[in-house]
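Notes follow once the structure below has been shown.
The values are calculated or read from the model by the stated rules, or taken from the named source; none is laboratory data. Quantities reported herein were computed from a predicted structural model and do not represent experimental measurements. Please note: Cβ atoms are built from the backbone with ideal geometry, for glycine as well, and neighbour counts cover all protein chains shown. Note: accessible area is taken over every heavy atom of the protein model, side chains too, but ligands, DNA and RNA are not part of it. Shrake-Rupley method; radii C 1.70, N 1.55, O 1.52, S 1.80 Å.
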Amino acid sequence: EMFAVVTGAMRAVMMLVIPIMLLLGVGADVLIRCLFGEAFAPATLSLGILSAQFVLTYLAMMATICLTILDRAWAIAAVSFAGILIDTVLNAVLVPRAARWLGLGGASAGAATAQVLAEAFVAVALLGLIGARAFDRACVSSIGKAILCCLVVIGADALLRPLGPVRLASDAALYVALAFI
(Lines give C-alpha, C1' and ligand atoms only; values in the text may rest on other atoms or scores of the structure.)
Protein backbone atom coordinates (compact mmCIF):
# COMPACT_ATOMS: atom_id res chain seq x y z
CA GLU A 1 0.00 0.00 0.00
CA MET A 2 2.85 2.37 0.81
CA PHE A 3 4.35 1.96 -2.66
CA ALA A 4 0.98 2.68 -4.29
CA VAL A 5 0.76 5.91 -2.30
CA VAL A 6 4.39 6.81 -3.06
CA THR A 7 3.89 6.19 -6.78
CA GLY A 8 0.76 8.31 -6.90
CA ALA A 9 2.34 11.10 -4.88
CA MET A 10 5.49 11.06 -6.99
CA ARG A 11 3.47 11.27 -10.19
CA ALA A 12 1.32 14.13 -8.88
CA VAL A 13 4.26 16.13 -7.54
CA MET A 14 6.28 15.66 -10.73
CA MET A 15 3.36 16.79 -12.87
CA LEU A 16 3.26 20.02 -10.84
CA VAL A 17 7.00 20.60 -10.42
CA ILE A 18 8.22 19.81 -13.94
CA PRO A 19 6.32 22.64 -15.71
CA ILE A 20 7.29 25.12 -12.99
CA MET A 21 10.92 24.07 -13.33
CA LEU A 22 10.67 24.42 -17.10
CA LEU A 23 9.26 27.94 -17.03
CA LEU A 24 11.80 28.97 -14.40
CA GLY A 25 14.60 27.62 -16.58
CA VAL A 26 13.54 29.10 -19.91
CA GLY A 27 12.38 32.34 -18.29
CA ALA A 28 15.49 32.85 -16.17
CA ASP A 29 16.61 35.82 -18.26
CA VAL A 30 13.29 37.59 -17.84
CA LEU A 31 12.92 36.78 -14.15
CA ILE A 32 16.44 37.91 -13.23
CA ARG A 33 16.09 41.20 -15.06
CA CYS A 34 12.57 41.92 -13.74
CA LEU A 35 13.29 41.02 -10.13
CA PHE A 36 16.86 42.20 -9.68
CA GLY A 37 17.77 44.41 -12.63
CA GLU A 38 20.30 44.30 -15.41
CA ALA A 39 23.23 44.17 -12.98
CA PHE A 40 22.26 40.59 -12.10
CA ALA A 41 21.99 39.38 -15.72
CA PRO A 42 25.12 37.19 -15.34
CA ALA A 43 23.11 35.04 -12.89
CA THR A 44 20.74 33.98 -15.68
CA LEU A 45 22.66 30.84 -16.63
CA SER A 46 22.97 29.81 -12.98
CA LEU A 47 19.22 30.10 -12.41
CA GLY A 48 18.53 28.17 -15.60
CA ILE A 49 20.80 25.36 -14.44
CA LEU A 50 19.49 25.36 -10.85
CA SER A 51 15.89 25.10 -12.02
CA ALA A 52 16.50 21.41 -12.75
CA GLN A 53 17.34 20.87 -9.10
CA PHE A 54 13.73 21.33 -7.99
CA VAL A 55 12.62 18.11 -9.69
CA LEU A 56 15.61 16.21 -8.29
CA THR A 57 15.07 17.55 -4.78
CA TYR A 58 11.42 16.52 -4.74
CA LEU A 59 12.31 13.05 -5.98
CA ALA A 60 14.99 12.74 -3.29
CA MET A 61 12.58 13.96 -0.60
CA MET A 62 9.94 11.43 -1.56
CA ALA A 63 12.51 8.65 -1.66
CA THR A 64 13.81 9.73 1.75
CA ILE A 65 10.33 9.57 3.25
CA CYS A 66 9.82 6.11 1.80
CA LEU A 67 13.21 4.87 3.04
CA THR A 68 12.53 6.32 6.48
CA ILE A 69 9.31 4.35 6.66
CA LEU A 70 11.30 1.25 5.62
CA ASP A 71 13.74 1.94 8.50
CA ARG A 72 16.69 2.65 6.17
CA ALA A 73 17.96 5.82 7.89
CA TRP A 74 21.62 4.78 7.68
CA ALA A 75 21.32 4.29 3.94
CA ILE A 76 19.88 7.79 3.65
CA ALA A 77 22.75 9.16 5.72
CA ALA A 78 25.36 7.37 3.59
CA VAL A 79 23.87 8.64 0.33
CA SER A 80 23.58 12.17 1.73
CA PHE A 81 27.20 12.13 2.86
CA ALA A 82 28.31 10.85 -0.55
CA GLY A 83 26.30 13.67 -2.14
CA ILE A 84 28.14 16.22 -0.03
CA LEU A 85 31.49 14.77 -1.08
CA ILE A 86 30.49 14.71 -4.75
CA ASP A 87 29.27 18.31 -4.55
CA THR A 88 32.54 19.40 -2.95
CA VAL A 89 34.70 17.69 -5.56
CA LEU A 90 32.57 18.93 -8.45
CA ASN A 91 32.71 22.50 -7.12
CA ALA A 92 36.50 22.31 -6.88
CA VAL A 93 36.68 21.08 -10.48
CA LEU A 94 33.88 23.00 -12.20
CA VAL A 95 33.89 26.44 -10.59
CA PRO A 96 37.36 27.59 -11.71
CA ARG A 97 36.96 26.08 -15.18
CA ALA A 98 33.52 27.58 -15.72
CA ALA A 99 34.81 30.96 -14.53
CA ARG A 100 37.54 30.82 -17.19
CA TRP A 101 35.31 29.47 -19.97
CA LEU A 102 32.22 31.59 -19.36
CA GLY A 103 33.60 34.77 -17.81
CA LEU A 104 31.28 36.87 -15.65
CA GLY A 105 28.76 34.57 -13.98
CA GLY A 106 30.70 31.49 -15.01
CA ALA A 107 31.79 30.55 -11.50
CA SER A 108 28.20 30.55 -10.28
CA ALA A 109 27.17 28.48 -13.31
CA GLY A 110 29.88 25.98 -12.40
CA ALA A 111 28.65 25.86 -8.81
CA ALA A 112 25.07 25.42 -10.00
CA THR A 113 26.12 22.57 -12.28
CA ALA A 114 27.98 20.89 -9.41
CA GLN A 115 24.92 21.21 -7.18
CA VAL A 116 22.54 19.78 -9.79
CA LEU A 117 24.86 16.86 -10.56
CA ALA A 118 25.28 16.08 -6.85
CA GLU A 119 21.51 16.26 -6.32
CA ALA A 120 21.00 13.98 -9.34
CA PHE A 121 23.34 11.45 -7.74
CA VAL A 122 21.45 11.63 -4.44
CA ALA A 123 18.03 11.30 -6.09
CA VAL A 124 19.07 8.37 -8.30
CA ALA A 125 20.85 6.61 -5.42
CA LEU A 126 17.89 6.98 -3.04
CA LEU A 127 15.40 5.88 -5.69
CA GLY A 128 17.70 2.95 -6.47
CA LEU A 129 17.56 1.89 -2.84
CA ILE A 130 13.78 1.77 -3.06
CA GLY A 131 13.82 -0.09 -6.34
CA ALA A 132 11.22 -0.45 -9.04
CA ARG A 133 8.42 -0.77 -6.48
CA ALA A 134 8.24 3.04 -6.27
CA PHE A 135 7.37 3.38 -9.94
CA ASP A 136 4.52 1.93 -11.88
CA ARG A 137 4.13 2.11 -15.65
CA ALA A 138 1.77 5.11 -15.48
CA CYS A 139 4.19 7.07 -13.29
CA VAL A 140 7.19 6.42 -15.54
CA SER A 141 5.11 7.16 -18.64
CA SER A 142 3.76 10.45 -17.24
CA ILE A 143 7.18 11.68 -16.13
CA GLY A 144 8.74 10.62 -19.43
CA LYS A 145 6.08 12.45 -21.43
CA ALA A 146 6.51 15.57 -19.28
CA ILE A 147 10.25 15.51 -19.91
CA LEU A 148 9.64 15.08 -23.65
CA CYS A 149 7.28 18.08 -23.55
CA CYS A 150 10.02 20.04 -21.77
CA LEU A 151 12.55 19.24 -24.48
CA VAL A 152 10.15 20.41 -27.20
CA VAL A 153 9.39 23.63 -25.30
CA ILE A 154 13.11 24.30 -24.72
CA GLY A 155 13.69 23.92 -28.47
CA ALA A 156 10.76 26.21 -29.28
CA ASP A 157 11.96 28.75 -26.70
CA ALA A 158 15.36 28.89 -28.41
CA LEU A 159 13.62 29.75 -31.68
CA LEU A 160 11.30 32.29 -30.02
CA ARG A 161 14.06 34.19 -28.12
CA PRO A 162 13.85 37.19 -30.50
CA LEU A 163 10.30 37.79 -29.22
CA GLY A 164 11.64 38.63 -25.75
CA PRO A 165 9.51 38.06 -22.64
CA VAL A 166 6.37 37.49 -24.72
CA ARG A 167 7.80 34.11 -25.70
CA LEU A 168 7.12 32.77 -22.18
CA ALA A 169 3.37 32.86 -22.81
CA SER A 170 3.94 30.84 -25.97
CA ASP A 171 6.19 28.43 -24.07
CA ALA A 172 3.51 27.90 -21.40
CA ALA A 173 0.76 27.44 -23.98
CA LEU A 174 2.89 24.95 -25.93
CA TYR A 175 3.63 22.93 -22.78
CA VAL A 176 -0.06 22.78 -21.83
CA ALA A 177 -1.05 21.79 -25.38
CA LEU A 178 1.60 19.08 -25.54
CA ALA A 179 0.70 17.81 -22.07
CA PHE A 180 -2.92 17.34 -23.05
CA ILE A 181 -2.02 15.68 -26.34
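Taken over region 139-163, the residue count meeting the criterion of being open to solvent by less than 60 Å² (accessible area, probe 1.4 Å), without any contact (Cβ under 8 Å) to a residue 60 or more places away in the chain and not hydrophobic (A, V, I, L, M, F, W, C) is 3.
Among the residues of region 143-156, is any assigned to a helix (DSSP H, G or I), aliphatic (A, V, I, L, M) and within 19 Å of residue 5 (Cα to Cα)? Within region 143-156, one or more residues are assigned to a helix (DSSP H, G or I), aliphatic (A, V, I, L, M) and within 19 Å of residue 5 (Cα to Cα). Within region 122-135, being part of a helix (DSSP H, G or I) and touching a residue at least 12 places away in the same chain (Cβ under 8 Å) holds for 122, 123, 125, 126, 127, 129, 130, 133, 134. Is it fair to say residue 138 is assigned to a helix (DSSP H, G or I), small (Gly, Ala, Ser), at negative phi and modelled with pLDDT of 95 or more? So residue 138 fails the test.
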